[in-house]
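We did not get these values from a lab; they are worked out from the coordinates using the rules stated. Small disclaimer: the values here were computed from a predicted structure and weren't measured. All Cβ positions, even for glycine, are placed from backbone atoms using ideal geometry, and neighbour counts span all protein chains on display.
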Amino acid sequence: MTTSRLLLLTCLLILFAAGCGNAPAPAPVSTQLPAPTSAPAPTTTPIPAPDAATQPVFALTSPDFKDGEELADQFTYELFGQCGGENISPALEWLGAPAGTQTFALTMLDPDGGNWLHWLLFDIPADQTGLPQAANGPENGTRGKNDFGKLGYGGPCPPSGAHRYIFTLYALDTTLGLPEGIKLKEFQNAIENHLLAQAQLTGLRTR
């Protein structure tokens, strides 16, 4: 190859390289990644608040009379010239005793006769849900002394007019362990700070 040809080829190579160097570089192609998606928030099922209407209610009833009804003759006291009943206690039933109940106790008072005590029964076993008619034995609890001076039940015997007889059932968190024959005041003192709940039922007697 001659010197002139070699020089010409060299010039052409230089010019070609210069032209390539001035060409704009291709723009970079960016690949756009999808935006990260956030995880769905956990869903929680709210716990419903207890419905007071569905909670058990401590209640006292009787198959022998409804609340506010007249007590039958067989349940009245036998007192010459005033009352001539059989002096047997009505049957009672209850439900909804609160948790922690150890024993039940029962009183029957006449608020229209100066809160005359007709019946006091305590240390009734916690597994009982009622009392049969004429409940007057040790299997049903310990008897207190009523205002007739007798143990156990003494039926209604109003001297005149209409009297209310309020049966009150007490749910207690203890066994009283008191002797038979205690009076109302001793009982009331003993149940202080031990009462879990109470329920009432009222019978009437008119003379």
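Extension gain GLN74-ILE191, at 0.36 nm per residue separation less the Cα-Cα distance, in nm? Working it through step by step, the gained length comes to 39.0 nm.
For ASP123, nonlocal amide neighbours, meaning residues 5 or more places apart or on other chains whose placed amide H falls under 5 Å from its own, are PHE104, THR142, LEU176.
Note on SER62, SER160: ascending count of other Cβ atoms within 10 Å places them as SER160, SER62, the fewest first. Take the Cα of THR174, step 7 Å along the line toward its Cβ, and report every residue of segment 119-135 whose backbone nitrogen sits under 14 Å from that point. The answer is 123. FRET efficiency for the GLN102 to LYS66 pair, using the beta carbon distance and R₀ = 25 Å, is estimated at 0.25. Just the Cα atoms of segment 99-207, one point each, no solvent: what log10 I(q)/I(0) does Debye give at q = 0.10, 0.21 Å⁻¹? So the normalised log intensities are -0.27, -1.14.
Our estimate of slack between LYS183 and GLU86, defined as 0.36 nm per intervening residue step minus the Cα-Cα distance, is 32.6 nm. Of the GluC sites (Glu not before Pro) found in segment 154-193, those in coil by DSSP whose Cβ has at most 16 other Cβ atoms within 10 Å are GLU180, GLU192. Within the straight-line cut-off of under 25 Å between alpha carbons, the lysines reachable from LYS150 are LYS183, LYS185, sequence neighbours fewer than 8 places apart in one chain being disregarded.
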